[in-house]
Every structure is written in structure tokens, then in C-alpha cells.
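Peer 1: Once you've had a glance at the structure underneath, I'll fire off some questions.
The values are calculated or read from the model by the stated rules, or taken from the named source; none is laboratory data. The model shown is predicted, which means the values in this text are computed figures rather than measured ones. So basically every Cβ, Gly included, is an ideal-geometry build from the backbone, and we count neighbours across all protein chains shown. Note: areas computed on protein heavy atoms with side chains; ligands, DNA, RNA excluded. Shrake-Rupley method; radii C 1.70, N 1.55, O 1.52, S 1.80 Å.
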Amino acid sequence: MRSVEPEVFLVAKPRLDYDQIAAYLREVGGESWLERLDRGDLDNDAQNLAEFAGKMCYRSWEPGLNPNVRQVRTDQAKYLENILSMAHGSVLEHASFTFVLHNVSRIMTHEVVRHRPGTAVSQESLRFVRLDDLPFWFPEWALEDAELMKRATAVLEQLEEFQLWMAGHFGLDADGVKMHEKKHKTSFMRRFAPEGVGTGIVWTANVRTLRHTIEARTDPGAEEEIRMVFGKIGELMRAEAPALFGDYTVTDGTWMPKWRKV
């Protein structure tokens, strides 16, 4: 049994092709937005993409392009705050971020995959990946309970020993064993791994989905592991896109946005 801590790695985020954006803006008369790029006022691709999508919706690159628009916001933070306050959430769906959730339990991943809209998921397959140890996370309150830890550790060590015994019993490391046979037996062996075993998942979500899941999964009623993990995701997103996640108030691990259900 190996004690682990759930971790979050941000591995991918939006990257815009500004040459193509410039070509489009020249077509529609939005060159003033390019001037803001040249001045360095727009240096965050995720926020730029949300603003770009929003301004395209209303053709609000500059006054006069749309006769209904007389005032054009040039402060990105205020523009995106207005987007959030208006619940114009569709423009947030264009920006997606990809995370590796490492050493998280199957309990947590079963809950994460319930959030389907605006996400993509690839999970470590214990049908193919044979367990030679059982990574396991214990919350602080459990670690402080000596009798609980003694009994829990004994159970996990027995399950771990059984995994190793089955691998030897089935001869999975013998020369010439085909992958089909390894997969078949490994699929059986995973049935004896606890739901709390540490595993990995690649999880991609757009900004609109992230705003919802950070709020929902840090709620005081949420399961404690997923609450901790989404608190980490919230911290990453607030650093990556402050104009899109800076409206949250964090109290005792609960992330509450000023603008809800965008």
C-alpha cells in the first residue's frame, strides 16, 4: 500500500492563431481590436477567445459596424464581467482546458464523468494496467485515527498481496503470454481493487462547464476528495484566466461565483 495525494496538472489550454484572426478582422472592419493586440493589452488567449466570440455575436468591434451599437468596451476585464453578468455563457464554451487528475480514486472519477456536457474524458484502464501496488489517499481526519489506520492498512496490504499472488498464479509475466490473455486476467484482478485505489484521468472542460463544476464540486455537501481536487482546479483557473474566474469568493474551501449559471 502506497500513500498518495491527489494532484492536478494543467496540460493544455487555448492558443489562438492571430494571423487568421487578423485576416478576419480586416474583412469585417475590426482592425481596432488588432491595435489592442499590438499594444499588449490582450495577452491571455482564453480571455481573448471569449471576448472575440462575444464581439463577433454583436459585430461590436468598433462603433458604426452595427448601427445598434454606439458604445464599445475596450477594457477586457469589464467586457467579460458584462458577459458573465448577462449570463452569455455560450461564448465561454470556445475556451477549453485539459487537466491530468493524478492519484485520484475511482470514487472521484465516477463522479467526474457525470459532468458530460462540455467535457472530454480519457481514463487509465485497469483492464489493461495491472496493479502491482495499491496507491491510496487518506484524509487528515483518517490519518489521525490510529486504530482505523492500522485496520485499513492491513486490509489494503492483504488486497495488494492478493494482486501480486494472482499475477504469479496466472503466470502473466511468463514468456509468450499474449496481450489478450493478460487483458482477460487483469480485468478479473481489478475486481479485487478497492474503489479508493489511486488512478489517473485526463479531463478536458470548457470555461462554462468549469465554472459550474468548480461551484458544484466544492460545495460543502460534495464528497471530500472531489471537493479538494476541484479547489485545486479553481486555483489554477483563477491564475490562468482571472477575468473569467476572478468573481469567485472562497470560504472554507467552497467556491461561490458572483455570477451563477452562466
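Peer 1: Would you confirm whether any residue within the range 19-26 is surrounded by 19 or more Cβ atoms within 10 Å (Cβ to Cβ) and more than 30 Å from the chain's Cα centre (by Cα)?
Peer 2: Yes, that holds for at least one residue.
Peer 1: Quick one: Trp61 ticks every box in (1) over 30 Å from Lys182 (Cα atoms); (2) touching a strand residue (DSSP E or B) at 6+ places or on another chain (Cβ under 9 Å); (3) without any contact (Cβ under 8 Å) to a residue 60 or more places away in the chain except a single one, so which number is it?
Peer 2: In the conditions (1) over 30 Å from Lys182 (Cα atoms); (2) touching a strand residue (DSSP E or B) at 6+ places or on another chain (Cβ under 9 Å); (3) without any contact (Cβ under 8 Å) to a residue 60 or more places away in the chain, Trp61 misses (2) alone.
Peer 1: Still on this structure, please answer the following. Collect the residues in the range 94-115 that are farther than 15 Å from Thr213 by Cα and out of contact with any Asp or Glu (no Cβ under 9 Å at 6 or more places or on another chain), keeping them in residue-number order.
Peer 2: Of everything in the range 94-115, just one residue is farther than 15 Å from Thr213 by Cα and out of contact with any Asp or Glu (no Cβ under 9 Å at 6 or more places or on another chain), namely His94.
Peer 1: Then there's this: How many residues, within the range 206-262, are in contact with a Lys or Arg (Cβ under 7 Å, 6 or more places away or on another chain) and of a type in the set (Gly, Ala, Ser)?
Peer 2: 2
Peer 1: I need every pair where a residue in the range 1-14 that is acidic (Asp, Glu) has its Cβ under 7 Å from the Cβ of a residue that is open to solvent by 40 Å² or more (accessible area, probe 1.4 Å), sequence separation at least 6 or different chains.
Peer 2: Final answer for the pair search is Glu5/Trp137; Glu7/His102.
Peer 1: Can we say Glu62 is part of a helix (DSSP H, G or I), surrounded by 13 or more Cβ atoms within 10 Å (Cβ to Cβ) and among the charged types (D, E, K, R)?
Peer 2: Spelling it out, it is not the case that Glu62 is part of a helix (DSSP H, G or I), surrounded by 13 or more Cβ atoms within 10 Å (Cβ to Cβ) and among the charged types (D, E, K, R).
Peer 1: Of the conditions (1) part of a helix (DSSP H, G or I); (2) open to solvent by less than 40 Å² (accessible area, probe 1.4 Å); (3) without any contact (Cβ under 8 Å) to a residue 12 or more places away in the chain, Val69 clears all except one; give me its number.
Peer 2: Checking Val69 against (1) part of a helix (DSSP H, G or I); (2) open to solvent by less than 40 Å² (accessible area, probe 1.4 Å); (3) without any contact (Cβ under 8 Å) to a residue 12 or more places away in the chain, the one that fails is (1).
Peer 1: In the range 37-59, how many residues are farther than 18 Å from Met237 by Cβ and exposed (fewer than 15 other Cβ atoms within 10 Å of the Cβ)?
Peer 2: Summing the residues that are farther than 18 Å from Met237 by Cβ and exposed (fewer than 15 other Cβ atoms within 10 Å of the Cβ) in the range 37-59 gives 6.
Peer 1: For Ala46, state whether it is assigned to a helix (DSSP H, G or I), hydrophobic (A, V, I, L, M, F, W, C) and touching a helix residue (DSSP H, G or I) at 6+ places or on another chain (Cβ under 7 Å).
Peer 2: Taking the combined requirement at face value, the residue satisfies it.
Peer 1: Right, next: Please go through (1) part of a helix (DSSP H, G or I); (2) open to solvent by 40 Å² or more (accessible area, probe 1.4 Å); (3) aromatic (Phe, Trp, Tyr) for Trp33 and return the number of the only condition it doesn't satisfy.
Peer 2: For Trp33, the exception is condition (2).
Peer 1: Just to be sure I understand the filter: pairs with C-beta atoms under 9 Å, separated by 6 or more residues or on different chains, first member in the range 239-255 and free of Cβ contacts under 8 Å to residues at least 60 places away in the same chain and at positive phi, second member of a type outside the set (Gly, Ala, Ser) and not in a strand (DSSP E or B). Which pairs pass?
Peer 2: Between residues of the range 239-255 that are free of Cβ contacts under 8 Å to residues at least 60 places away in the same chain and at positive phi and residues that are of a type outside the set (Gly, Ala, Ser) and not in a strand (DSSP E or B), the close pairs are Asp252/Pro220; Gly253/Thr218; Gly253/Pro220; Gly253/Arg227; Gly253/Met228.
Peer 1: So how many residues does the range 84-98 have that are under 20 Å from Val11 (Cα atoms), part of a helix (DSSP H, G or I) and touching a Lys or Arg at 6+ places or on another chain (Cβ under 7 Å)?
Peer 2: So the answer is 2.
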